[in-house]
1. Report the rotationally averaged projected area of the chain based on its alpha-carbon convex hull, in square nanometres.
2. Along the Cα-to-Cβ line of Arg22, 7 Å from the Cα, sits a label point; which residues in the stretch 77-106 have backbone N less than 18 Å from it?
3. If one computes the Cα centroid of the stretch 65-106 and of the stretch 30-63, what distance in Å separates the two points?
4. Say the dipole of the chain comes from +1 at the beta carbon of Lys and Arg and -1 at that of Asp and Glu; which of Phe81, Ser17, Ile55 then lies farthest toward its positive end?
5. Based on other C-beta atoms within 10 Å, arrange Leu54, Leu88, Leu104 from fewest to most.
6. List every residue whose amide H lies under 5 Å from the amide H of Gly92, counting only residues 5 or more places away in sequence or on a different chain, with H placed 1.01 Å from N in the peptide plane.
7. May I ask for the angle, rounded to the nearest 10°, between helix 94-105 and the longest principal axis of the chain, with both axes built from Cα atoms and the value confined to 0 to 90°?
8. Kindly provide the helix-only [θ] at 222 nm of the chain, computed as the sum of -39,500 (n - 2.57) over DSSP H runs of four or more divided by all residues, to the nearest 500 deg cm²/dmol?
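Computed from the coordinates by the stated procedures, all read-outs in this text should not be read as laboratory data. The shown structure was predicted, so the numbers you read here are calculated from the model rather than taken from an experiment. Glycine also receives a Cβ, built like all others from the backbone with ideal geometry; neighbour counts cover every protein chain displayed.
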Amino acid sequence: MDSTPTPSPPPEPGDSSRRIARSTAIFSLATAVSRVLGLVREMVSAYFFGVSGLINAFTVAIQIPNLVRALVADAALSGAFVPVFSDLLEKGERQRAWRVASTLFC
């Protein structure tokens with residue numbers, strides 16, 4: 001079995017724009033679903049635990065590490081991974097791009 005990546009055929013002129021639009025739509029939909037599920041989570045939490053001081057203290061304690069992660073790790077991931085992944089896909093090196101992604105996320 002040959003391990004050299006086989007480049008994909010070059011994309012059609014309008015194909016790249018369609019792919020970007022499709023990817024943007026998928027990402028937007030996933031973000032919207034995530035926000036709705038977050039709202040449901042908060043409603044269930046308020047229903048079961050109320051809005052007392054103890055649950056509010058717990059919520060604040062959880063929010064601080066999440067904020068640090070969002071500011072540091074997510075920004076670094078967006079700034080480093082997304083450009084490399086996109087560049088590999090644009091060059092037609094689809095297999096290599098997914099290998100980079102699987103190395104990072106698995």
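1. Details: hull surface 38.7 nm².
Computed as one quarter of the Cα hull surface, the answer is 9.7 nm².
2. Answer for the stretch 77-106: 86-95, 97-98.
3. 29 Å
4. The residue sitting farthest along the positive end of the dipole is Ile55.
5. Leu54, Leu104, Leu88
6. none
7. 30 degrees
8. Helix contribution divided over all residues of the chain: -26000 deg cm²/dmol.
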